[in-house]
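The values are calculated or read from the model by the stated rules, or taken from the named source; none is laboratory data. What you see is a predicted model, and the numbers here were worked out from it, not measured in a lab. Cβ: placed from backbone, ideal geometry, glycine included. Neighbour counts: every protein chain shown. Just the protein is used for accessible areas: all its heavy atoms, side chains included, with ligands, DNA and RNA removed. Shrake-Rupley method; radii C 1.70, N 1.55, O 1.52, S 1.80 Å.
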Amino acid sequence: MKIRLLICAALLALASGTATPALAQVPAPLPRTLTVTGEGRADGVPDQADISAGVVAEGATAAGAITANTTAMNNVFEALRAAGIAERAIQTSDFSVQPVYVQRRPDQTDPPRISGYRVSNQVRVEVNDLAALGTTLDSLVRSGANQISGIGFRIKDAAQIGRAH
């Protein structure tokens with residue numbers, strides 16, 4: 001009888017060990033993904049330019065620096081209009097007023113002191129006549145723009161890219 005009990009216990013142990021995997025859950029399917037990598041190139045002749053230009057002015061007071069900057073920027077706007085640039089093609093892109101501090105020697109321990117203010121006013125100008133770009137840049141400088149930080153070229157009508165001109 002002890003042998004029968006041992007055999008039954010052994011069979012029960014084997015049966016329970018083999019049944020466990022059959023009762024295990026099936027793992028959920030992995031989500032489907034699609035990865036696309038590409039590279040392209042289009043060549044064309046630019047027909048527009050964007051100029052980033054402006055005026056930096058300093059003054060003993062913030063009000064004085066703003067007044068000096070406003071006067072210079074009015075000259076810049078007038079020069080752009082005289083160059084045939086439409087009002088909608090001129091957009092302010094940055095304006096800031098910052099204190100200017102007295103330079104201290106390394107051995108000084110007193111706190112920094114404001115000696116004046118610096119005002120910066122930048123505009124983005126869209127030029128549609130590339131033949132006039134040099135004249136427009138010259139007008140900007142002659143009118144008081146003392147900061148020209150970039151010229152970018154682009155194609156106005158993307159459908160024209162790659163077509164013969």
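If you go through the stretch 128-141 and pick out every residue that is within 21 Å of residue 93 (Cα to Cα), open to solvent by 70 Å² or more (accessible area, probe 1.4 Å), touching a residue at least 40 places away in the same chain (Cβ under 8 Å) and not polar (S, T, N, Q), you end up with 0.
Taking the options 45, 55, name whichever one is within 20 Å of residue 152 (Cα to Cα), in contact (Cβ under 8 Å) with a residue 24 or more places away in the chain and touching a His at 6+ places or on another chain (Cβ under 8 Å). Show your work before the answer.
Details: 55 fails: touching a His at 6+ places or on another chain (Cβ under 8 Å).
Result of the check over 45, 55: 45.
Within the stretch 61-101, the only residue that satisfies the criterion of being closer than 11 Å to residue 125 by Cβ, touching a residue at least 40 places away in the same chain (Cβ under 8 Å) and touching an Asp or Glu at 6+ places or on another chain (Cβ under 8 Å) is 85.
For (1) open to solvent by 70 Å² or more (accessible area, probe 1.4 Å); (2) in a strand (DSSP E or B); (3) modelled with pLDDT of 55 or more, each residue gets a yes or a no:
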residue: 6; (1), (2), (3): yes, no, no
residue: 13; (1), (2), (3): no, no, yes
residue: 35; (1), (2), (3): yes, no, yes
residue: 39; (1), (2), (3): yes, no, yes
residue: 44; (1), (2), (3): no, no, yes
residue: 57; (1), (2), (3): no, yes, yes
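Looking only at the stretch 104-127, residues that are open to solvent by 50 Å² or more (accessible area, probe 1.4 Å), within 24 Å of residue 67 (Cβ to Cβ) and either small (Gly, Ala, Ser) or out of contact with any Ser or Thr (no Cβ under 6 Å at 6 or more places or on another chain) (or both) come to 5 in all.
Scanning the stretch 70-103 for residues that are more than 17 Å from residue 116 (Cβ to Cβ), open to solvent by less than 60 Å² (accessible area, probe 1.4 Å) and part of a strand (DSSP E or B) yields one hit, 90.
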